[in-house]
Ligand SMILES: *[C@@H]1O[C@H](CO)[C@@H](O)[C@H](O)[C@H]1NC(C)=O
Ligand SMILES: *[C@@H]1O[C@H](CO)[C@@H](O)[C@H](O)[C@H]1NC(C)=O
Ligand SMILES: [Cu+2]
């Protein structure tokens, strides 16, 4: 009796997580199969969405691996924004990171703690207070004689600062599965790889959907939607663009080469030896979704790379397997 109680008590602590025995100092190969996590969602109401995205560092966990990354609103996965054609979308972007320390040269990896916001898929103005991140690039390609920093400084939200974006979606805005991400020149790759990217869904109008689609879509059947943010956030192989290579260049201090594992190598070495370059789904390694036979769901996939192409295919189901 006592021993079974003791077992139960130990189990409450240790058996709750399948990865309990592994940690940063005692790594083991990733297993996959955790229950799928849906990112938090925030939806527009009566044609309006007001929300805050706060950028700071936070600890994120993949199975047993804990990383310190720049994130939105306290961790992975970033929240999903759900809007509709004609909406007013007001995003307050707050930068709670600390000072950058070094200024760095233009057109190099720099400013790990400066950010801004860019959206994909919205037909909105390229000027403040909407999405101005492409203005400078356009000028540069038109007039290559100008260096990137010469003319129109695009909006940047410095450490401790904030900016209120107001996106005005028009009535013809196509529905779709889009995304948002940080886009400060010099820090874009680093911050998106770090996790500063999220889903932006423009919902279909109900009367514009065929019944079959409406039956697996918001607003009536949100539970049938499966939003997936696919990103190469673990990228610890030997590569010019690997995450630690960019951390070195941009001067990030949250490194894995000062953590020593029980094999007496650094955690970074361990990850590189195990070729930890996996794509994550909503910040998880190969999570599991269970569906009933014949059930239909609407998967919404976004590749937040940051540089990789994805070839996505369905595997033939295994016959005779439940
Ligand atoms: C960036 O912000 C983090 C979190 O506040 C801070 O620890 C770090 O020193 C800041 N500067 C750099 C260069 O990372
Ligand atoms: C661990 O590795 C370091 C550096 O490679 C070495 O100096 C040390 O002797 C090793 N310790 C053990 C217990 O093997
Ligand atoms: Cu982009």
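Any read-out appearing in this document is the output of simple, stated calculations on the displayed coordinates, not a laboratory observation. Model, not experiment: these values are computed from the prediction. Reconstructed Cβ throughout: ideal geometry from the backbone, glycine too, with neighbour counts over all protein chains shown.
Expressed in Å, the radius of gyration and Dmax of the Cα atoms of the chain are 21.8, 81.
Arranged by the count of other C-beta atoms within 10 angstrom, fewest first, what order do 206, 295, 315 take?
On the way: 206 12, 295 9, 315 5.
In order of increasing Cβ crowding within 10 Å: 315, 295, 206.
Measuring nothing but how far apart in sequence close Cα pairs (under 8 Å, 6+ apart) lie, relative to its length, the chain scores a relative contact order of 21 percent.
Using a simple spin-label model with pseudo-atoms 7 Å out from Cα toward Cβ, residue 166 and residue 20 lie 5.4 nm apart. Taking 7 Å steps out from each Cα toward its Cβ at residue 90 and residue 221 produces label points 3.5 nm apart. Measuring between their Cα centroids, the range 249-265 and the range 78-138 lie 30 Å from each other.
Using the Kirkwood radius built from alpha carbon pairs, what does the Stokes-Einstein equation give as D for the range 39-207 at 10 °C and 1.306 mPa s, in µm² per second? Reported coefficient: 95 µm²/s.
What order do you get for 224, 232 when you list them from fewest to most C-beta neighbours inside 10 Å?
On the way: 224 15, 232 21.
With the fewest neighbours first, 224, 232 line up as 224, 232.
Kindly provide the helix-only [θ] at 222 nm of the chain, computed as the sum of -39,500 (n - 2.57) over DSSP H runs of four or more divided by all residues, to the nearest 500 deg cm²/dmol? Spell out each step's value before the answer.
Values: 6 runs with 47 residues, N = 322.
About -4000 deg cm²/dmol.
For the range 237-312, the equivalent ellipsoid derived from the alpha-carbon gyration tensor has semi-axes of 32, 17, 10 Å in decreasing order.
Dividing the mean sequence gap of close Cα pairs (under 8 Å, 6+ apart) by how many residues the range 179-322 holds gives a relative contact order of 29 percent. Between the range 191-246 and the range 48-67, what is the separation of their alpha carbon centroids in Å? Each part reduced to its Cα centre gives a spacing of 15 Å.
Label sites at residue 212 and residue 249, each approximated as a point 7 angstrom past Cα along Cα to Cβ, lie 4.6 nm apart.
Of the peptides 198-204, 82-88, the order by per-residue mean of other Cβ atoms within 10 Å, starting with the highest, comes out as 198-204, 82-88.
Just to be sure I understand: with springs between alpha-carbon atoms less than 10 Å apart, which residue in 278, 292, 21 has the highest mean-square fluctuation in the Gaussian network model of the chain? It is 292.
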